[in-house]
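The values are calculated or read from the model by the stated rules, or taken from the named source; none is laboratory data. Note that this is a predicted model, so its numbers are computed, not measured. Note that we place each Cβ from the backbone using ideal geometry, even for glycine, and neighbour counts take in every protein chain shown. The area values use the complete protein model at the heavy-atom level, side chains included, leaving out ligands, DNA and RNA. Shrake-Rupley method; radii C 1.70, N 1.55, O 1.52, S 1.80 Å.
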Amino acid sequence: MRALVFDPEGGLRVAEVPTPQPGPGEILVRVEACGICGSDRQLVRGEGAPFGTSYPVVLGHEIAGRVEALGEGVSGLAPGDAVVVHPFVPCGQCAACARGEEHLCPHQGVLGFTRPGGDAEYVAVPAQNAIRRPDGLDPAEAAILVDAYATPYRAMVSAGVAEEEAVLVIGTGGLGLAAVQIAKALGVPQVAVLSRREDAGALALVSGADEFVTLADDPRQAARRLRRMAKGGVGLAIDTSGFADGIDFALDVLRPGGKMVTVSMPTADTPLPLAKLARKGISVMGSFGSRRADVEELLRMAAEGRVQPDVVAGRRVSLDEAPDALRNPFFGRDVIVFSAP
């Protein structure tokens, strides 16, 4: 089969690799679509990889497809079933897993990093990671729900977003645009977006933002706009980009007692002004990945029209076009689409 493969010596390339066979407890998925994530781009740029990543690796962890075959002991699924795949494979034995925080499992595998991913015609995955896809949900739109949406969803739910009157989203990539939609779907009255890109305003507003500001704006005026919108200060900021000036701006517009949650993983350390955090009583937390239940909820939200992944899904590219799309990101979340056999 053909797959998008990367290793530091051979680089990024479309190559012929053996078609996987499902082992016990696994299924073989015929891939219909797979999103291109920022972490894929970081890996190719040599900016770090999850512990246990082995090369050469078939990239891709935002997978939608159909069950092709079942491994030994698998029940509840059948060939032809439409599914998405939760990309994290927890150990099930550690303290984090026992607490129900399997997304924080220190021993977890990750599709597209520690085991072959979905930028391929077929992928073998644990059957427990397959989640049925609602009828009528486009594969490319469903694929990005498993990470581009699930990551900010987990972060904002953990931070208590539904209790807030105003939220600031930092960044207008796939995660940021998804975060805007999720905040609105969870009932946040006012959502603002901060971006480095002045040309991202239209997409932010289409995604549901009430205010859009950029780092090119006068920072005092922009901060006043957001404080006015939030009636004194934003309650929660979610950082999806990791740029220091964006975080500094967010700390200025957070209300006393506000919260910041970050899902970004920049390669450089970002300093935090501890005195400001202490004086304003601001809480800062990190969030990684998602739970299977998060993806299940997002599939329901998409089926009900409460989130619109078609807005976030960017270019739809073929496998042959994928290397260029991966090296040269556009707006939203580019998705590799595989033609039906």
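Within the range 119-133, can one find any residue that is under 16 Å from residue 64 (Cβ atoms), open to solvent by 30 Å² or more (accessible area, probe 1.4 Å), of a type outside the set (Phe, Trp, Tyr) and out of contact with any His (no Cβ under 6 Å at 6 or more places or on another chain)? The answer is yes, given that some residue of the range 119-133 is under 16 Å from residue 64 (Cβ atoms), open to solvent by 30 Å² or more (accessible area, probe 1.4 Å), of a type outside the set (Phe, Trp, Tyr) and out of contact with any His (no Cβ under 6 Å at 6 or more places or on another chain). Per the listing 180, 188, the residue uniquely in a loop (DSSP other than H, G, I, E, B) and open to solvent by less than 50 Å² (accessible area, probe 1.4 Å) is 188.
Does the range 285-318 hold any residues that are surrounded by fewer than 20 Cβ atoms within 10 Å (Cβ to Cβ) and part of a loop (DSSP other than H, G, I, E, B), and which are they? Of everything in the range 285-318, those that are surrounded by fewer than 20 Cβ atoms within 10 Å (Cβ to Cβ) and part of a loop (DSSP other than H, G, I, E, B) turn out to be 288, 304, 305, 306, 308, 318.
When you look at residue 326, is it in contact (Cβ under 8 Å) with a residue 60 or more places away in the chain and within 19 Å of residue 13 (Cα to Cα), yes or no? Yes, satisfied. Contact map, the range 116-131: residues that are more than 18 Å from residue 90 (Cβ to Cβ) and at pLDDT 95 or above paired with residues that are open to solvent by 10 Å² or more (accessible area, probe 1.4 Å) and among the charged types (D, E, K, R), Cβ distance under 6 Å, separation 6+ or inter-chain. Pairs shown: 121/2; 122/30. Only one of the numbered conditions (1) surrounded by fewer than 24 Cβ atoms within 10 Å (Cβ to Cβ); (2) of a type outside the set (A, V, I, L, M, F, W, C); (3) closer than 28 Å to residue 337 by Cβ; (4) modelled with pLDDT of 90 or more is not met by residue 214, and that is (3).
In the range 11-49, the qualifying residues are those that are of a type in the set (Asp, Glu) and touching a residue at least 40 places away in the same chain (Cβ under 8 Å), and the one that is least open to solvent (accessible area, probe 1.4 Å) is 40.
Taking the conditions (1) farther than 20 Å from residue 147 by Cα; (2) touching a helix residue (DSSP H, G or I) at 6+ places or on another chain (Cβ under 8 Å); (3) in contact (Cβ under 8 Å) with a residue 60 or more places away in the chain in turn, residue 200 satisfies each one other than (2). The set of residues in the range 50-87 that are touching a Ser or Thr at 6+ places or on another chain (Cβ under 9 Å), over 24 Å from residue 298 (Cα atoms) and surrounded by 19 or more Cβ atoms within 10 Å (Cβ to Cβ) contains only 57. Among the conditions (1) farther than 27 Å from residue 310 by Cβ; (2) out of contact with any Phe, Trp or Tyr (no Cβ under 9 Å at 6 or more places or on another chain), residue 242 misses just one, which is (1).
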